[in-house]
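One structure is given below, encoded as structure tokens.
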Amino acid sequence: MLAKENELMSNCIVVVQFPLEKRTEEQAVAGGTSTAPTYRGLAEKGLIRKDYLNGDVGTGGVYLWESRAAAEAWFTAERVGILTERFGAAPALTWYDTHVTVDNLKNETRVNGIAQSEVQAAE
């Protein structure tokens, strides 16, 4: 599912939310670290990053995918069923196309996944 070289396409962010009570920090860390190997293994399928969420109104994750197609290949009806069974509640999935990313860790701005020079980014 990885983007072909020189093919411009937007990344895709999927926000997954479960209507569950906030977990303790220890519970959140234990839950995240126990499933992290699964998501690290999805790099080859287009997952760029996953952030685990733990908030006052629920829990979940924010997934940054290389493309919407890669995200859709992971978040199938079967996957949603597995998540529903695991958490005891159905997740709400919100889909976003993201064309511009500011990455301060890499000190770059990307348009459709391609790093831009500062001049290009300012235009």
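Only residues that are under 17 Å from Y96 (Cα atoms) and touching a residue at least 40 places away in the same chain (Cβ under 8 Å): list them for the stretch 24-69, please.
Hits for the stretch 24-69 are G46, G60, G61, V62, Y63, L64, W65, E66, S67, R68, A69.
Can you find even one residue in the stretch 53-66 that is in a helix (DSSP H, G or I) and either among the acidic types (D, E) or out of contact with any Phe, Trp or Tyr (no Cβ under 7 Å at 6 or more places or on another chain) (or both)?
no
Quick check on G61: is it buried (at least 16 other Cβ atoms within 10 Å of the Cβ) and within 11 Å of the chain's Cα centre (by Cα)?
Criteria met by G61.
V57 - would you say it is closer than 29 Å to T24 by Cα and modelled with pLDDT of 95 or more?
No: the conditions fail for V57.
Evaluate the following for K4: is it at pLDDT 95 or above and either touching a Ser or Thr at 6+ places or on another chain (Cβ under 9 Å) or of a type outside the set (A, V, I, L, M, F, W, C) (or both)?
Values: at pLDDT 95 or above: no; either touching a Ser or Thr at 6+ places or on another chain (Cβ under 9 Å) or of a type outside the set (A, V, I, L, M, F, W, C) (or both): yes.
Here the answer is no, as K4 does not meet what is asked.
Right, L42: surrounded by 12 or more Cβ atoms within 10 Å (Cβ to Cβ), of a type in the set (A, V, I, L, M), outside any strand (DSSP E or B) and modelled with pLDDT of 95 or more or not?
Numbers: surrounded by 12 or more Cβ atoms within 10 Å (Cβ to Cβ): yes; of a type in the set (A, V, I, L, M): yes; outside any strand (DSSP E or B): yes; modelled with pLDDT of 95 or more: yes.
The answer is yes for L42.
With respect to A36, is the statement that it is on the phi < 0 side of the Ramachandran plot, loosely packed, with under 14 Cβ neighbours inside 10 Å and in a helix (DSSP H, G or I) true? Let's see the steps before the verdict.
On the way: on the phi < 0 side of the Ramachandran plot: yes; loosely packed, with under 14 Cβ neighbours inside 10 Å: yes; in a helix (DSSP H, G or I): yes.
So A36 fits the description; yes.
Quick one: how many residues across the stretch 81-102 are assigned to a loop (DSSP other than H, G, I, E, B) and surrounded by 14 or more Cβ atoms within 10 Å (Cβ to Cβ)?
2
Among (1) over 22 Å from G32 (Cα atoms); (2) within 17 Å of the chain's Cα centre (by Cα), which single condition is I114 missing?
For I114, the failing item is (2).
With the condition kept exactly as written, say whether any residue in the stretch 86-105 is more than 20 Å from C12 (Cβ to Cβ), among the charged types (D, E, K, R), modelled with pLDDT under 95 and out of contact with any strand residue (DSSP E or B) (no Cβ under 8 Å at 6 or more places or on another chain).
Looking for residues that are more than 20 Å from C12 (Cβ to Cβ), among the charged types (D, E, K, R), modelled with pLDDT under 95 and out of contact with any strand residue (DSSP E or B) (no Cβ under 8 Å at 6 or more places or on another chain), one finds at least one in the stretch 86-105, hence yes.
Could you say which residue among E72, E78, E21 is outside any helix (DSSP H, G or I) and without any contact (Cβ under 8 Å) to a residue 12 or more places away in the chain?
Only one candidate passes the filter, namely E21.
The values are calculated or read from the model by the stated rules, or taken from the named source; none is laboratory data. Treat the numbers as computed from the prediction; the structure is a model and nothing was measured. Note: ideal-geometry Cβ built from the backbone for every residue, glycine included; neighbour counts use all protein chains shown.
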